[in-house]
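Below: the structure, in structure tokens.
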Amino acid sequence: MFGELVDTSACLAATVEHLVALDPAPDVVLATGDLTDEGTRTEYSLLADLLAPIADRLLPLPGNHDDGPLFRSAFADRLPDSTADGHCSYVVDEHAVRLVGLDTSLPGHHDGRFDDAHEEWLDSTLAARPDRPTLVFTHFPPFTSGITFMDVSGLAGAERMRAVIATHPQVRLLVAGHLHRTVQTTVGSTLISVCPSTGNQLGLDLHPDRGSAVDEPPGYQLHRWDGERFVTHTGVVWEGRRLDLTQFVASIRARAAQGKSFPKR
Ligand SMILES: [Fe+2]
């Protein structure tokens, strides 16, 4: 839909190149849906090529622009053997934080749904390990953003989803996509963070009658777990001017290592 504004494939390629260059490298890359535009076989073939450099750490979820069966086929080697009945939700429990992918996409629709089956699966999944710090990743953010045209075509049952999250405080972070902007809010003690798009962004305009897409740079979020909490950074894929601060960093670190303060002069 927004292909006339930005080349989404080129933007994704640049984002992947950026992610590969991160040092230290992320343990996993959460791809929170809308990984294609029309959900065609051709698009999934191109997507596989674009994501190949990070395929070994990718955890994908479908969004409203994906096709369920083709998505499962394209990512057969990245999805666990067991996913939820009727939706492509799953758990990865081999990292310092338990990762719960929640699929609320609705076949044939651009809106999503959190229904009885989702509620039962998410509640029982979270109840199984209340002792484990947990990150839930999903496509549709379960809150009203104020971007009206996205809200009215968003997630039915969002309040039910929020109620489940609120009863499981080990969910330290819930990340979502869909909004093509960086947006944060809270549910209980859980931070909800929506990452920017790897393609175009939506203009920041909360007037109910308006909406726009803008060619602000592609972006991503890096969620660093320090053993007690997540610290979330928003990265922008943009080749701006860069001033190398390596020498400055070395001097700061040396002074800190000696326990010295940092007077202005
Ligand atoms: Fe979406």
note = Between residue 21 and residue 212, the two model label points (7 Å from Cα along the beta-carbon direction) sit apart by a distance in nm of 2.9 nm
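Please express the shape of the range 170-265 as an equivalent ellipsoid: the semi-axes are the square roots of 5 times the eigenvalues of the C-alpha gyration tensor, given largest first in whole angstrom. Mind showing how you got there, number by number?
Values: eigenvalues 230, 91, 28 Å².
Listed largest to smallest, the semi-axes of the range 170-265 are 34, 21, 12 Å.
Once you keep just the Cα pairs under 8 angstrom separated by 6 or more residues, what percentage relative contact order results for the chain?
Details: 463 pairs, mean separation 40.4, N = 265.
Averaging sequence separation for qualifying contacts and normalising by length gives 15 percent for the chain.
With +1 on each Lys and Arg Cβ and -1 on each Asp and Glu Cβ, how big is the dipole of the range 8-257 about its Cα centre, in debye rounded to the nearest 20?
On the way: 19 positive and 34 negative charges, 204 e Å.
The calculated dipole for the range 8-257 is roughly 980 debye.
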request  = Post the alpha-carbon centroid distance, the range 224-265 to the range 1-58, in whole angstrom.
outcome  = 28 Å
remark   = Both in Å, the radius of gyration and Dmax of the C-alpha trace of the range 8-257 are 18.4, 59
message = Can you give me the distance in nm between label points at residue 129 and residue 4, each placed 7 Å from the Cα along the Cα-to-Cβ direction?
response = 4.7 nm
query = When only alpha-carbon atoms count, how far does the range 1-154 stretch along each of its three principal axes, as whole angstroms with the largest first?
reply = 43, 39, 31
query = Using 7 Å Cα-to-Cβ label points, what is the residue 254/residue 153 separation (nm, one decimal)?
reply = 5.8 nm
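Largest first and in whole Å, give the semi-axes of the range 1-54's equivalent ellipsoid, each being the square root of 5 times a Cα gyration tensor eigenvalue.
On the way: eigenvalues 93, 33, 19 Å².
Gyration-tensor ellipsoid for the range 1-54: 22, 13, 10 Å.
No lab work stands behind these numbers, since they all come straight from the coordinates. Only a predicted model underlies this, so the values are computations on that prediction, with no experimental measurement involved. Glycine gets a Cβ as well: all are built from the backbone with ideal geometry, and neighbour counts include every protein chain shown.
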